[in-house]
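Single-structure report; data block below.
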């Protein structure tokens, strides 16, 4: 298991409310769009990260994590497993407190690097499924 219940709870409740969602665009058919809405409903600030840098759910988008001009607490990753590792490395460089790989996004080497850098991390889970269970 890549992130036990205690880690899931910690990320969702203790590590801060600014979530960079990598892969979030204005495409309503993509999972990231709906997940970001759920996170907002639970009080999270959602920052879209996508090459188009679109404004989504009322939040200014950025082309990369490095372009975000403020701190982010959690980096939620909606890219395929082959691209996810470099995003985790960018999250470490950005100073995030945690990385969350969505369902079916698994990179064991990235998990090990991210945890070794001191960040919390969850893989192959969805915060929109987990957060309502905390209440």
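Tell me the residue from 38, 56 that is free of Cβ contacts under 8 Å to residues at least 60 places away in the same chain and more than 21 Å from residue 107 (Cα to Cα), please. Walk me through how you get there before you give the answer.
On the way: 38 fails: free of Cβ contacts under 8 Å to residues at least 60 places away in the same chain.
From the options 38, 56, the qualifying one is 56.
Looking only at residues in the range 1-32 that are in contact (Cβ under 8 Å) with a residue 60 or more places away in the chain, assigned to a loop (DSSP other than H, G, I, E, B) and at negative phi, which one is farthest from the chain's Cα centre (by Cα)?
Once the filter is applied, the top-ranked residue is 2.
Condition test on residue 129, is it part of a helix (DSSP H, G or I) and within 22 Å of residue 25 (Cα to Cα)? Please lay out each step first, then the result.
Values: part of a helix (DSSP H, G or I): yes; within 22 Å of residue 25 (Cα to Cα): yes.
The answer is yes for residue 129.
Look at residue 82 and say whether it is in a helix (DSSP H, G or I) and more than 14 Å from the chain's Cα centre (by Cα).
Values: in a helix (DSSP H, G or I): yes; more than 14 Å from the chain's Cα centre (by Cα): yes.
Spelling it out, residue 82 is indeed in a helix (DSSP H, G or I) and more than 14 Å from the chain's Cα centre (by Cα).
Any residue in the range 107-125 that's at positive phi and touching a residue at least 24 places away in the same chain (Cβ under 8 Å): show its pairings with residues that are in a loop (DSSP other than H, G, I, E, B) and surrounded by fewer than 20 Cβ atoms within 10 Å (Cβ to Cβ) at Cβ separation under 9 Å, as long as the two are six or more apart or on different chains.
Here the result reads 124/1; 124/2; 124/103; 124/104; 124/106, each pair linking the range 107-125 to a residue that is in a loop (DSSP other than H, G, I, E, B) and surrounded by fewer than 20 Cβ atoms within 10 Å (Cβ to Cβ).
Would you check which residues across the range 18-29 are exposed (fewer than 15 other Cβ atoms within 10 Å of the Cβ) and either closer than 21 Å to residue 70 by Cα or out of contact with any strand residue (DSSP E or B) (no Cβ under 6 Å at 6 or more places or on another chain) (or both) and list them?
Step one: of the range 18-29, the residues exposed (fewer than 15 other Cβ atoms within 10 Å of the Cβ) are 26-29.
Selection gives 27, 28, 29.
In the range 95-109, which residues are buried (at least 16 other Cβ atoms within 10 Å of the Cβ) and more than 17 Å from residue 4 (Cα to Cα)?
96 - this is the single residue of the range 95-109 that is buried (at least 16 other Cβ atoms within 10 Å of the Cβ) and more than 17 Å from residue 4 (Cα to Cα).
Can you tell me which residues in the range 65-88 are free of Cβ contacts under 8 Å to residues at least 40 places away in the same chain and touching a helix residue (DSSP H, G or I) at 6+ places or on another chain (Cβ under 7 Å)?
Taking the range 65-88 as the starting set, the residues that turn out to be free of Cβ contacts under 8 Å to residues at least 40 places away in the same chain are 66-67, 69, 80-86, 88.
Across the range 65-88, the qualifying residues are 66, 84, 85, 88.
Between 68, 129, which is under 23 Å from residue 13 (Cα atoms) and surrounded by fewer than 14 Cβ atoms within 10 Å (Cβ to Cβ)? So that I can check it myself, show each step before the final result.
Working: 68 fails: surrounded by fewer than 14 Cβ atoms within 10 Å (Cβ to Cβ).
Result of the check over 68, 129: 129.
Taking the options 35, 46, 72, name whichever one is within 14 Å of the chain's Cα centre (by Cα), farther than 18 Å from residue 4 by Cα and assigned to a loop (DSSP other than H, G, I, E, B). First the steps, then the outcome.
Numbers: 35 fails: assigned to a loop (DSSP other than H, G, I, E, B); 46 fails: assigned to a loop (DSSP other than H, G, I, E, B).
It is 72.
Residues being outside any loop (DSSP other than H, G, I, E, B) and on the phi > 0 side of the Ramachandran plot: count how many of those fall in the range 49-69. Write out each step before concluding.
Narrowing the range 49-69 to residues outside any loop (DSSP other than H, G, I, E, B): 49, 56, 59, 62, 65-67.
Now narrow it down to the ones that are on the phi > 0 side of the Ramachandran plot: none.
Final tally of qualifying residues: 0.
Bear in mind that the values in this text are calculations on the coordinates, not laboratory data. For clarity, every value in this text was computed on a predicted model and none was experimentally measured. FYI the Cβ positions are ideal-geometry reconstructions off the backbone, even for glycines, and counts take in every protein chain you see.
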